[in-house]
Each structure stands twice: as C-alpha cells, then as structure tokens.
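Below is one structure, written out as structure tokens, with a few remarks after it.
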Amino acid sequence: MAQTPLHDDLLSTLTLGTARKEAGQIITNWLAERDATDPMADDSEQLLAAWALLERTKRLQPSANQVREAMPLAPEETLPYASGRLARGLQLILKGTYPGVLPEALDLLNERQQLVPPYLLPDILDRATALRDSAPELSDRLLLAGGQRAGWLAALNPEWAIIHPDYDFATAFQRDVTPGKRLPLLRRWRRRNPKAAREALAAVWDKQSPKNQESLLSALEIGLSAEDIPWLRAGLAPKRKGVRRQLLRLLLLAGEERAADDLLALAASALTDEGKLPTVHPTAEGKEAIVSYGGLRKNESLSEFLLSQLSPTAIPDLLGLPAAEYWPSLPKAQLKAAATAILAYADTDICADFVRFALIANPAQLPMEEIARITAALPQPAFEAVFHEVLEREKKVFHYGGVARVLALSRTEPWSARISKAFVLQLVATLRDIRDLPYGLQRDLQSHWKLSIPLLNASIFQWSRTHLHAMTERSDVFGKLATEMLQILSFRTGIRKI
C-alpha cells in the first residue's frame, strides 16, 4: 500500500511526540470517519489508536508480490497416518523428550504400514536434514516415514531440499568447491548415484591437491563396485603415498584380482620358515612393489600393512589356518590391523567370529575401539546369536570391567529380552556389592546406565519394575537413572499399544 499523507503525518507525530507536535486535523478526521474517536482519550492515545488501525488496514491489503507459478499440490498418500498413542509418542520423541526412541518408533511405523502425521512433517524434515551426514540411513528412514508429502514439502524449502531424492548434486558439487563441503556432498551423492558421483570426482581430480584427493577418495567406499575399478587403477600414478594407499584399499574392497594377487605374492615371498611375516620385505622387488601401492606408514610393519589391506581370511588361508586360530597368535598392533580389514570387508560370519574371539581373549591384547565398531555393525540376528552363546556359558558376562559390557553398549538397536535382563542384573549387582563408589567407578557406572536405557528391550518393563523398585528409592544419581529407565521403558511399551 502506497504511503499517504496520513501515514506521513502519523510518522512525524510519533517521531517528535505529542508534546512537540499535536495530532493534526488529518488524524482527527480519519478517526471520526471510522467512529474510532474516544472522547475520554488524550492526543497520544488517539495517535496510538490511529497507528494501530492504519497498520491493521495495511496488512489486509493484497500483496504486491504475485506468485509466478501455481504451487504444486501435495500427492495423495496411499498409507494411513499414525494416530493415538503412537502419534503422541512421535511428537514427544521429535520434540526432544524421548529422542533415543526415534529408530524404534520408525520401526513401529514400518510394521504397521503407517506414516508420520502431517503436522509433524516439519519436525521430521528438520531432524532428517540434521542427520544427513552423521546418520544417513536414519535420515532416509525419516524422509520415507513422512510419505510422499514429506518429499513434496522438502522440495519447496531450500533448507530441506538437500535430502530430497531428486536433489541436484551436480550443481551443488560445482558450487561447493572446498573439500570440507564437497566430501559430505560426495558421500550423499554416492548413496543416490555412485556412477555420477565418481564421474564428477574424476572431472575435478587433476585440479585437486594430493591431500584433497586422499580426503575425497574416502567417499568412494560408499556404493563401491567393480564399475569403479578402471578409474581407480588409472589413478595409481606417482602421487602422494596416502593417495596410492587409499586407491589400493578401494581396489581391494571393490574386488580387483590384480591388487589382491600382488599383495598375496608379497606375503608369500616374505614368509619366514616359521610362517611369520617380517617387519620389512626381504627383497628389493618386494619393497618396490609396496611403494607403488603407497608404502608403509611410519612405524608400520609389513604384517600390519598386509593384514589391514587384504581380506581377513587371506593371510590365515596362506598359512593353512582358520582365522579364529590365527588371531590369538597376533600382538595387539597386528590384531588392530586385522580388525581394520574385518570392519572394511564386513563379512557377517567373520565379524561374528571375531567378536566371539574378543569375548574370550585377554582384554589387554584387544583393540577395543575397532572391536566395538565391528560389534555395532553386526546384524541383529548375528549379534544376538553370539551373546546368547556367551550367556549359556557365563550368566554374569556383563559384569563391570568385562569386554562383553563394553561391546553390548556399542549397539544402536535394542537388545533381546534375555540380554536386557542379564545386563540390568549386573548393573544392579555392582551397586549392591560396592557401598563406597570411587569417583572413577561412579562415573563409569553412570555412563553405562545412560547408554543402556535405549538399548533395553521394551518387553521387560514389568520385569524391570520388580528388579529396579529398590533402586528408584536411592537418593543418589542412580536412583534418578533407575526411575528414568522405568519411565522410558513405560513410554516405549505405551506407544506399542493400539
């Protein structure tokens, strides 16, 4: 709405104040025409009334900005929306009251073939956008749980467009030229279209510094396949050692026979009469071959290099040993290298066997960080099978200080009821058996309680009420944690009720 003399007069009077400038005749007449004159009001009150009326009238005028194209309509959904307890539960989860229950709620939606209610879509899209790099699988599940309307809404908002299935990665890749922005973008692109992402990287490859090349190559682990091998092999030129090692790793994971054969030949030619691998390769040809693939890192032995790069069964097969019999013979540094390969190749049976080995091995020998990541990556049936076997042998396997407790807490998916009960019993037993808790022990136990809460099976709620009742009456932090544990178990049980 264009400015009028009334608007200018009001603005002037408001700026100077009624003590310096009285409300003019224009204002008085305008208020009288609208029957808005209060005979009991002074000049300043009439001025404020006039300004309020003018502003409200201005806001009611049609916008001068015209929509160029009609807004696309949201597509119709084929699945029903969640309602009742689950809908209310989703709202509490997304608002931050029970954030750890989000994956379980999404599983429940999938089981019931239902969608997130429309009024929660902004929260769903905000969470999916925030998780797009740190937890891409969960981000995709959130978008899927929102149905077709979530995708439609994401396309309309620049803040959410990046998680839309049809996001223009090519344009974004050209726009965001710094490695810090390109790497996460390339990872997301590989999840959507591995070939297009590789070709985009190839187009800018020669312009990147060796350091940037090494960083960007890590994105190719996502969606890696035999189609990537020719380009990876062509990149093995005399560049930075780290780039060549990264290329070797990707070639092996993609299944290139040439790289695997080269490293197996190196291992076979280096073996001593006792079947051991030396610190360095004994021949000049072997050393040269290792350098062509990136060479050894500082303080890295030949055995660590081969164990970290080759398939987890390659060296044991070369020695004629099952992997489970080979691992106990390795020192910690070599075992860490073997664990790195086990995690990279992600063979479920090998991973499960390695966790079985870790549960009975000397804890001082174990690379706990790598083993925890392997345990976290195990499919749920394999994880439960391994830990149920252990529970058959030892009921108190989750005692404080044990490897089993640390590995179980690395999971993100709720445990079985059997594992959950065994874990809770050991949490309580530690507090019951030790009266005066040292600070370090108290800190560890608090962490274990907090980490275990979202991992407990919801079906043990009634059982937990019996076993945690005395704990809730404690006046310390563990009383609060026991109460919180019961509250969250109750909530998780409640959202499952129709």
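Summed over segment 452-468, the residues that are within 28 Å of the chain's Cα centre (by Cα) and either more than 25 Å from V406 (Cβ to Cβ) or loosely packed, with under 15 Cβ neighbours inside 10 Å (or both) give a count of 1.
Is there any pair linking a residue in segment 183-204 that is under 17 Å from S215 (Cβ atoms) to one that is of a type in the set (S, T, N, Q), with Cβ under 6 Å and at least six apart or on different chains, and which? That search, which allows pairs on different chains as well, returns L183/S215. Pairs linking a residue in segment 318-339 that is among the aromatic types (F, W, Y) to a residue that is surrounded by fewer than 16 Cβ atoms within 10 Å (Cβ to Cβ), with Cβ atoms under 6 Å and 6 or more positions apart or on different chains, do not occur.
Yes or no, residue by residue, for (1) farther than 24 Å from E413 by Cβ; (2) at pLDDT below 95; (3) surrounded by fewer than 20 Cβ atoms within 10 Å (Cβ to Cβ):
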| residue | (1), (2), (3) |
| --- | --- |
| A105 | no, no, no |
| S134 | no, yes, yes |
| A145 | no, no, no |
| A161 | yes, yes, yes |
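Check segment 211-228 and report whether any residue there is of a type in the set (V, I, T) and assigned to a helix (DSSP H, G or I). No; the residues of segment 211-228 include none that is of a type in the set (V, I, T) and assigned to a helix (DSSP H, G or I).
Being surrounded by 18 or more Cβ atoms within 10 Å (Cβ to Cβ) and either free of Cβ contacts under 8 Å to residues at least 40 places away in the same chain or at positive phi (or both) is the filter here; which residues of segment 72-89 pass it? Answer for segment 72-89, where residues must be surrounded by 18 or more Cβ atoms within 10 Å (Cβ to Cβ) and either free of Cβ contacts under 8 Å to residues at least 40 places away in the same chain or at positive phi (or both): just A82. Reported count of residues in segment 407-425, each being surrounded by fewer than 20 Cβ atoms within 10 Å (Cβ to Cβ) and part of a helix (DSSP H, G or I), is 4.
Listed here are the residues, each with its yes/no results for (1) free of Cβ contacts under 8 Å to residues at least 12 places away in the same chain; (2) of a type in the set (S, T, N, Q).
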residue	(1), (2)
L437	yes, no
L445	no, no
W449	no, no
L456	no, no
Q462	yes, yes
T466	yes, yes
T472	no, yes
D476	yes, no
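Is segment 288-295 home to any residue that is buried (at least 20 other Cβ atoms within 10 Å of the Cβ) and more than 16 Å from L264 (Cβ to Cβ)? Checking segment 288-295: at least one residue is buried (at least 20 other Cβ atoms within 10 Å of the Cβ) and more than 16 Å from L264 (Cβ to Cβ).
Does at least one position in segment 178-191 carry a residue that is over 21 Å from the mean Cα position of the chain (by Cα) and aliphatic (A, V, I, L, M)? Before the answer, list the steps.
Applying the first criterion (over 21 Å from the mean Cα position of the chain (by Cα)) to segment 178-191 yields 178.
Narrowing the set further to residues that are aliphatic (A, V, I, L, M) leaves none.
No - not one qualifying residue is present in segment 178-191.
Taking segment 244-265 only, how many residues are in contact (Cβ under 8 Å) with a residue 40 or more places away in the chain and of a type in the set (G, A, S)? Residues meeting the conditions: 1. Screening M471 with (1) modelled with pLDDT under 95; (2) surrounded by fewer than 19 Cβ atoms within 10 Å (Cβ to Cβ) gives one miss only, at (2).
Of everything in segment 8-27 that's assigned to a helix (DSSP H, G or I) and surrounded by 15 or more Cβ atoms within 10 Å (Cβ to Cβ), which residue is modelled with the lowest pLDDT?
The first filter runs over segment 8-27 and keeps only residues assigned to a helix (DSSP H, G or I), leaving 8-16, 25-27.
Still in the running and surrounded by 15 or more Cβ atoms within 10 Å (Cβ to Cβ): 9-10, 13-14, 26-27.
Working: D9: 71, L10: 71, T13: 73, L14: 68, I26: 74, I27: 71.
Applying the filter and picking the extreme gives L14.
Condition first: in contact with a helix residue (DSSP H, G or I) (Cβ under 8 Å, 6 or more places away or on another chain) and acidic (D, E). Now tell me which residues in segment 448-498 satisfy that.
Quick first cut of segment 448-498, residues in contact with a helix residue (DSSP H, G or I) (Cβ under 8 Å, 6 or more places away or on another chain) only: 448-450, 452-461, 463-465, 467-468, 471-474, 477-479, 481-486, 488-498.
Once the filter is applied, which keeps residues that are in contact with a helix residue (DSSP H, G or I) (Cβ under 8 Å, 6 or more places away or on another chain) and acidic (D, E), segment 448-498 yields E473, E484.
The number of residues in segment 268-327 being modelled with pLDDT under 90 and either touching a Gly at 6+ places or on another chain (Cβ under 7 Å) or of a type in the set (D, E, K, R) (or both) comes to 3.
With I342, I371 as the choices, which residue is closer than 23 Å to L248 by Cβ and either at pLDDT 95 or above or not small (G, A, S) (or both)?
Numbers: I371 fails: closer than 23 Å to L248 by Cβ.
So the residue among I342, I371 that is closer than 23 Å to L248 by Cβ and either at pLDDT 95 or above or not small (G, A, S) (or both) is I342.
Checked against (1) farther than 29 Å from A234 by Cβ; (2) among the hydrophobic types (A, V, I, L, M, F, W, C); (3) not in a helix (DSSP H, G or I), V177 passes all but a single condition, namely (1). The sole residue among G96, G100, G146 that is of a type outside the set (S, T, N, Q), on the phi > 0 side of the Ramachandran plot and under 20 Å from the mean Cα position of the chain (by Cα) is G96.
The residues of segment 298-340 include none that are in a loop (DSSP other than H, G, I, E, B), among the hydrophobic types (A, V, I, L, M, F, W, C) and surrounded by fewer than 15 Cβ atoms within 10 Å (Cβ to Cβ). When G96 is tested against (1) in contact with a helix residue (DSSP H, G or I) (Cβ under 7 Å, 6 or more places away or on another chain); (2) under 30 Å from R492 (Cβ atoms); (3) assigned to a loop (DSSP other than H, G, I, E, B), just one condition goes unmet, and that condition is (1).
Being modelled with pLDDT of 70 or more, over 54 Å from the mean Cα position of the chain (by Cα) and not acidic (D, E) is the requirement here; does W51 meet it? Answer is no for this residue.
Report yes if some residue within segment 365-388 is under 30 Å from D273 (Cα atoms) and surrounded by fewer than 17 Cβ atoms within 10 Å (Cβ to Cβ); otherwise report no.
Initially, segment 365-388 is screened for residues under 30 Å from D273 (Cα atoms), giving 365-367.
Of the ones still in play, those that are also surrounded by fewer than 17 Cβ atoms within 10 Å (Cβ to Cβ) are 365.
Yes, that holds for at least one residue.
Output the qualifying pairs, or none if there are none: Cβ atoms under 6 angstrom, residues six or more apart or on different chains, first residue in segment 273-288 and under 12 Å from S303 (Cβ atoms), second residue of a type outside the set (A, V, I, L, M) and not in a loop (DSSP other than H, G, I, E, B). Filtered contacts from segment 273-288: L277/S303; H281/K287.
Only a single criterion out of (1) more than 24 Å from the chain's Cα centre (by Cα); (2) assigned to a helix (DSSP H, G or I); (3) β-branched (V, I, T) is not satisfied by I498, namely (2).
The values are calculated or read from the model by the stated rules, or taken from the named source; none is laboratory data. No experiment lies behind these values; they were computed from the predicted model shown. Neighbour counts run over all protein chains shown; Cβ positions are idealised from the backbone, glycine included.
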